[in-house]
Amino acid sequence: MGYKITGELTLLGDAQFGPNGVRQYAVIEIGGNVYSKFRAPAGINTYLQKAVHGRGPTTLYVEGNFIYGVTTPEGKTYCWKKEPIGSFFMMLFGIIGLPFMGIGLILIIAATKELSINGGSNALLRNGAIRV
């Protein structure tokens, strides 16, 4: 279900724009630690921009290098969530494609990562997060 990083968000480095509005940051500095190549969807990016200008601790909710949630210094939690139906289909095609040169394995790994992000988002929503 990922992990949390908490501290004052002091830097959002240069970002490259990817598919579906996802940004990949060259660096993010939070709590005195520097992290590279973190990705965040457009909705979460808005609150990262807000948090970097605020005073106080920010919490990032991360799966792999993907930021799916943020708690701003004001104490509000926001999370990104997509519907899991696409991940289930990807998993199904992965199982069907396993005998074909391992292509199915790639699909299964991708679907598992997406479902893990979805699980983390569900936990945040159960605790009162705002879906963006």
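Suppose every K and R has +1 on its Cβ and every D and E has -1 on its Cβ; what is the size of the dipole of the chain about the Cα centre, in Debye to the nearest 20?
Values: 12 positive and 7 negative charges, 42 e Å.
I would put it at about 200 debye.
In the chain, once you exclude exposed trypsin sites (Lys or Arg not before Pro) (DSSP loop, at most 14 other Cβ within 10 angstrom), what's the longest stretch remaining?
Working: sites that count: Arg55, Lys76, Lys82.
Looking at the chain, 1-54 is the longest stretch - no exposed trypsin sites (Lys or Arg not before Pro) with at most 14 other Cβ atoms within 10 Å.
Solvent-accessible area per residue for the range 22-88 at a 1.4 Å probe radius, Å²? Walk me through the numbers before you get to the answer.
Working: 3040 Å² over 67 residues.
It amounts to 45 Å² per residue over the range 22-88.
Let's test the formula: R0 of 41 Å, r as the Cβ-Cβ distance of Glu74 and Ile96. What FRET efficiency results, to the nearest 0.05? The partial results should precede the final answer.
Values: r = 47 Å, r/R0 = 1.14.
Approximately 0.30, to the nearest 0.05.
Please compute the modelled spin-label separation between Tyr3 and Asn122, points set 7 Å along Cα→Cβ, answer in nm with one decimal.
Rounded to a tenth, the inter-label distance reads 2.4 nm.
Among Gly32, Tyr68, Gly13, whose Cα projects farthest towards the positive end of the dipole of the chain, with charges put on the beta-carbon of Lys, Arg (+1) and Asp, Glu (-1)?
Farthest towards the positive pole: Tyr68.
Specify the residue with the greatest mean-square fluctuation among Asn45, Asn20, Asn122, computed from a Gaussian network of the chain linking alpha-carbon atoms under 10 Å apart.
Asn20
In whole percent, and with a 1.4 Å probe on the protein chains, what portion of the accessible area of the range 15-79 is carbon and sulfur?
In the range 15-79, the share of accessible area belonging to carbon and sulfur is 48 percent.
Treating cross-link reach as a plain straight distance, find the lysines whose alpha-carbon is under 24 Å from the alpha-carbon of Lys113, omitting any fewer than eight places away in the same chain.
Lys4, Lys37, Lys81, Lys82
The values are calculated or read from the model by the stated rules, or taken from the named source; none is laboratory data. Predicted model, so just to flag it, every value in this text is computed and none were measured. Here the Cβ is made from the backbone with ideal geometry for all residues, glycine too, and neighbour counts use every protein chain on show. When the accessible area is computed, the model is the full protein with side chains, heavy atoms only, and any ligands, DNA or RNA have been set aside. Shrake-Rupley method; radii C 1.70, N 1.55, O 1.52, S 1.80 Å.
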